[in-house]
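A quick write-up on the structure given underneath.
The values are calculated or read from the model by the stated rules, or taken from the named source; none is laboratory data. Computed from a prediction, not measured in an experiment: that's the story for all the values here. Neighbour counts run over all protein chains shown; Cβ positions are idealised from the backbone, glycine included.
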Amino acid sequence: MDPQTQPPADIMERLEMAEQLKLTGKHAEALNILEELLVEDPENVAALEEVADNELSMERLDRAEAAAKEAIALDKESYTAQYILGFLESQNEKWTAALVHLKKANVLKPNNPEILRCLGWVLFHAGERAQGIVTLERALNLESDNPLTLCDLGVTYLELKNFSKARSLFQRSLDLDPGNDRARECVQAIDRLERTVEEMGMKK
């Protein structure tokens, strides 16, 4: 093998290389580096966290869960692994189980907008609606141009029938990401609901 193709010997450099590959969507290449690191040191928690994150991006959820659980078994303070497990539970609408992991992640890594976004969404659907909205608002204050947070918050206001607030959030999301189908569909849903309410009012 050409020596120039060998990954750098230093572990941190290789982790950073995997991170850069992940950020550019080259998840399979990132996993190759991470798996080499784990062959050398199966207890490399940072590598396990990155494996879980890449597997999640590739929608290989079982593999993401396995890597996250392994990271937590080695380091109970792995906020990344706690977040990933919480996110996976939320995808299955297991709100109580998701809360356990996300609250731990939030304690370990306070004021992280992505953790707060997921925590707020789960709180809302677990029945703690006011706390869920407050938490989503905190996430938005920390990262005001995140279309995902804008959409999640918009959906919560839509469920509370606060159509004007929901519409403004979805519109901001569309301004940032014109290809956001979820936001566009939600605006269309608001239009239909408002017409229905108007028609019902006229029939009275």
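Going residue by residue through segment 133-144, is there one that turns out to be surrounded by fewer than 16 Cβ atoms within 10 Å (Cβ to Cβ), at pLDDT 95 or above, over 19 Å from Leu88 (Cα atoms) and touching a Gly at 6+ places or on another chain (Cβ under 9 Å)? Yes, segment 133-144 contains at least one residue that is surrounded by fewer than 16 Cβ atoms within 10 Å (Cβ to Cβ), at pLDDT 95 or above, over 19 Å from Leu88 (Cα atoms) and touching a Gly at 6+ places or on another chain (Cβ under 9 Å). Among residues of segment 137-154 that are without any contact (Cβ under 8 Å) to a residue 40 or more places away in the chain, those with a beta-carbon under 8 Å from a residue that is buried (at least 21 other Cβ atoms within 10 Å of the Cβ) and among the aromatic types (Phe, Trp, Tyr) at least six positions away or on a different chain give the pairs Leu150/Phe170; Cys151/Phe170; Asp152/Trp121; Gly154/Phe170. Screening Val51 against (1) within 30 Å of Gly127 (Cα to Cα); (2) surrounded by 22 or more Cβ atoms within 10 Å (Cβ to Cβ) leaves a single unmet condition, (1).
Restricting segment 145-167 to residues that are assigned to a loop (DSSP other than H, G, I, E, B) and more than 16 Å from the chain's Cα centre (by Cα), the residue that is modelled with the lowest pLDDT is Lys161. Of a type outside the set (Asp, Glu), in the same structural domain as His125 (by TED's automatic domain parsing) and either in contact with a Pro (Cβ under 9 Å, 6 or more places away or on another chain) or free of Cβ contacts under 8 Å to residues at least 12 places away in the same chain (or both), is that true of Ala183? For Ala183, the condition - of a type outside the set (Asp, Glu), in the same structural domain as His125 (by TED's automatic domain parsing) and either in contact with a Pro (Cβ under 9 Å, 6 or more places away or on another chain) or free of Cβ contacts under 8 Å to residues at least 12 places away in the same chain (or both) - is not met.
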